[in-house]
Every structure is written in C-alpha cells, then in structure tokens.
Amino acid sequence: MRGAVLAVVLSVMLGSCTAAPEAPAPTPPVVSPTGPTASATPTPTVSPSPTPTPTASPSTPSSTPSPRPRPARFDARRVQRDIEHLAVAIGPREATSRNYARAADWVERRFEALGYEVRRTRVTVPAGNSWGTPVRRGTSVNVIAERPGFDRRARHVVIGAHLDTVPVAPGAEDNASGVSVLLELARLAAAQPPSTPVQFVAFAAEEPRGPGDALHHFGSRQLVADLPQAERRAITAMVSLDRVGVRAGYVPVCRGGSDGTRLRAAVRAVGRDIGIPTRACENRTSDHWSYEKAGMPAVRIGSVPYAGYHSRRDLPSVVNRGQLDRVGRLIWAWLN
Ligand SMILES: [Zn+2]
C-alpha cells in the first residue's frame with residue numbers, strides 16, 4: 001500500500017521534472033557576480049546554485065542615474081597627481097601632526113566628492129621614537145568611506161592604506177602611493193559598484209613609534225579591536241595597499257600568517273588571468289597584519305625595496321606610473 005503510494009508520488013515528481021518540455025523556465029537566469037561566463041542554457045533543468053537570489057542586482061548603481069557609456073578604467077595619471085599633492089603640497093605627515101590633519105581633511109573631501117559617506121575614528125598614540133625622530137603622545141584619525149546604505153554586517157571587503165609617514169619623509173611611495181591608488185579604486189567603485197561592497201579606509205598611525213607589534217599599526221589595530229563580532233564575520237577580505245609604486249617587474253602580494261594564504265592565492269590567480277606578474281611574499285609590517293591577527297583573511301600589496309625609504313628622498317620621482325597601473329588594475333580586476 002505505502003509502496004504503491006510512493007510509486008505514484010515518485011512518478012508524478014519525475015514526470016514533472018523530466019518531461020514537460022513546453023514548461024517555461026521557472027526564473028530568469030541569475031547573474032552570478034563571480035561567473036560572468038555562465039550563459040543561458042537551453043535545458044530548463046538545473047539551477048547553478050541551490051539558493052538563487054533574485055533580489056541581487058549587482059550591476060545597477062543606485063545613485064548614478066545616467067547609463068554608463070563604458071566601463072570604468074583605472075587611471076594611473078590621476079594617481080600620480082594625488083601622490084604629488086600628498087607628498088609635495090602637504091609633505092611629511094606624522095600621525096599627530098598638523099600636516100596629517102590636513103591630509104585627513106583632503107582625503108575626506110575626496111571621498112565625499114565621490115558620493116561616499118565618511119566617518120572618522122580617533123586613535124590615541126603614545127610618545128616614542130619614529131625611525132630616529134622623537135615623537136610626542138597625541139591623537140590621530142582613521143578616515144573611513146562607505147557607499148550610502150552600506151551594511152557593515154553584510155559581506156564586504158575592506159581596502160585600506162595608511163595615510164601617515166615617518167616624521168622626516170614626504171612619503172611619496174610610503175604611503176601616498178597606497179592612498180592615491182585607494183582613492184582611484186574608490187572612484188571606480190563609485191562609478192561601477194563591484195558585486196561585493198567595499199569599505200575604504202585611510203589608516204592612522206601605521207608607522208612605528210618604537211620596536212615590536214605593540215608600537216606599530218595603531219589605527220588598524222584600534223579599528224579591528226572595536227569591530228563587533230557580526231562585522232568581523234562579514235569581512236571576507238582585507239587588502240592593505242602599502243608602498244605600491246616603486247617599479248618592479250611584478251606586484252608583491254604578501255600574507256602575514258596562514259589566514260592570508262587563500263586570499264593571496266586568489267589575488268595572484270587574477271594576476272595570471274589578466275597578465276600581471278605577481279610575487280608571493282610574507283611580512284607583518286602593514287595594516288593587513290592587524291586583520292590577520294584577528295582571524296580575517298588579509299594581504300598586503302606592495303613592499304618593493306627602494307633607496308629613499310623613510311627618508312627625505314621619498315619623493316614622487318621614486319614612483320613609477322606603470323607599477324601604479326599594474327597594482328590598480330590587479331585589485332580592480334580582483335574586486336570584479
Ligand atoms: Zn608604509
């Protein structure tokens with residue numbers, strides 16, 4: 001009896017699945033943000049993902065009413081202009097200095113002009129010694145930019161770059177290069193939002209005020225320490241852009257520990273896809289380490305050695321437009 005009922009039920013189910021060629025497809029094909037090659041299949045059978053999400057609309061920016069004539073492209077010339085501004089017009093930007101405050105104001109205005117909502121978090125830093133120069137106790141600020149409606153508890157990516165320098169250095173490479181690439185990526189992401197939302201951060205007080213982890217990376221450490229658990233879980237990847245403009249035949253992609261391994265491989269795979277050579281490296285000397293230490297996948301882009309490091313000679317001439325272009329295109333391709 002039960003067997004017969006089961007057989008009937010099964011035959012009805014099978015019939016409804018396999019036959020009925022005239023039945024329309026139940027839903028329009030879901031556009032996967034990660035699978036641009038998937039095309040509409042003629043067979044009305046298998047959905048590529050078990051849980052289709054018809055509400056996702058990755059390609060429609062809400063705040064730009066006019067249609068886009070062409071895809072946004074990374075522009076390394078804009079990046080060079082911003083490096084000039086930070087390193088020459090403003091100059092050295094020790095985390096508690098007046099120049100740092102000017103730089104933070106400038107970055108904030110730039111984000112706002114792109115339509116981002118900007119907030120700051122205060123960072124207290126101790127007195128110490130920064131690469132040979134005594135520095136006083138004081139306060140600095142992280143500058144954080146998000147699109148209107150950004151949900152910090154929903155999956156997102158963090159891209160950051162430290163805005164401060166050691167006291168003597170104009171910091172064209174370290175780290176006006178990273179901040180300026182950050183601003184250009186923010187411009188692209190405003191014009192053409194990636195499927196995974198991005199939080200952009202200009203970090204305070206990355207440079208050391210003494211030896212060891214405890215006297216380094218103050219801005220990112222404080223931001224990570226203040227993250228609610230739900231927000232921490234929502235961060236699928238963190239990228240620190242730190243010293244990204246010195247010419248090399250490759251882009252360094254560094255992890256600090258094992259939590260960066262898969263992300264590093266993913267970024268390098270994108271490099272292979274688009275013909276940008278990368279080199280795996282390992283270091284803990286940038287803000288990615290604050291995120292990795294807390295268990296989030298994070299990598300640092302950059303760290304090519306150069307003669308003007310942490311000196312008065314860290315001027316825009318040490319930065320190479322081709323290298324900025326490689327870094328920017330790599331991260332933009334990875335985001336998309
Ligand atoms: Zn740096």
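The values are calculated or read from the model by the stated rules, or taken from the named source; none is laboratory data. This is a predicted model, so every value here is computed, not measured. Note: ideal-geometry Cβ built from the backbone for every residue, glycine included; neighbour counts use all protein chains shown. Areas reflect the complete protein model, heavy atoms only, side chains present, ligands, DNA and RNA absent. Shrake-Rupley method; radii C 1.70, N 1.55, O 1.52, S 1.80 Å.
Give me the extension gain from S311 to R137: residue separation times 0.36 nm, minus the current Cα-Cα distance, reported in nm with one decimal.
Numbers: separation 174, 0.36 × 174 = 62.64 nm, distance 2.19 nm.
So the chain would gain 60.4 nm between S311 and R137.
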Query raised in the report: Which value, in Å² rounded to 10, gives the accessible area of T124 with a 1.4 Å probe and all protein chains present?
Result: 80
Report summary line: Bounding extents of region 153-204 in its principal axis frame from Cα atoms, largest first in Å, are 40, 23, 10
Requested in this report: With a/c under 1.5 counting as rounded, go ahead and sort region 220-315 into rounded, prolate or oblate using the C-alpha gyration tensor (a ≥ b ≥ c being the square roots of the eigenvalues; past the cut-off, prolate if a/b is larger than b/c, else oblate).
Outcome: oblate
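Need one number: % antiparallel among DSSP beta bridges in region 141-208, to the nearest 5. Before the final figure, lay out each step's value.
Working: 3 of 9 bridges.
Just about 35 percent of them are antiparallel.
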Query raised in the report: Taking the simple approach of a point 7 Å from Cα along Cα-to-Cβ for both D273 and A225, what is their distance in nm?
Result: 3.8
Report task. Calculate I(q)/I(0) for region 269-324 by the Debye formula, one identical point scatterer on each C-alpha and no solvent, and give its log10 at q = 0.18 Å⁻¹ to two decimals. Result -> -0.86
**Report entry** q = 0.14, 0.15, 0.21, 0.29 Å⁻¹: log10 I(q)/I(0) that the Debye formula gives for region 208-274, counting C-alpha atoms only
**Finding:** -0.62, -0.70, -1.14, -1.30
Query raised in the report: Say each of D213 and R122 gets a label point 7 Å from the Cα, pointing the same way as Cα to Cβ; how far apart are those two points in nm?
Result: 2.8
Report task. Quote the accessible area belonging to R187 in square angstrom, nearest 10, computed with a 1.4 Å probe and with ligands, DNA and RNA left uncounted. Result -> 60
Query raised in the report: With each pseudo-label sitting 7 Å past Cα toward Cβ, what's the A265-H85 distance in nm, one decimal?
Result: 4.0
Query raised in the report: Roughly what % of DSSP beta bridges within region 234-336 run antiparallel, to the nearest 5?
Result: 20
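Could you give the size of the charge dipole of region 175-245 about its Cα centre, using +1 on the Cβ of each K and R and -1 on the Cβ of each D and E, expressed in debye and rounded to the nearest 20?
Dipole magnitude for region 175-245 comes out near 100 debye.
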Requested in this report: Report ³J(HN,Hα) in whole Hz for each residue of region 143-154, in order, from the Karplus equation J = 6.51 cos²θ - 1.76 cosθ + 1.60 where θ = phi - 60°; Gly and Pro get x.
Outcome: 10, 10, 10, 9, 5, x, x, 4, 10, 5, 9, 9
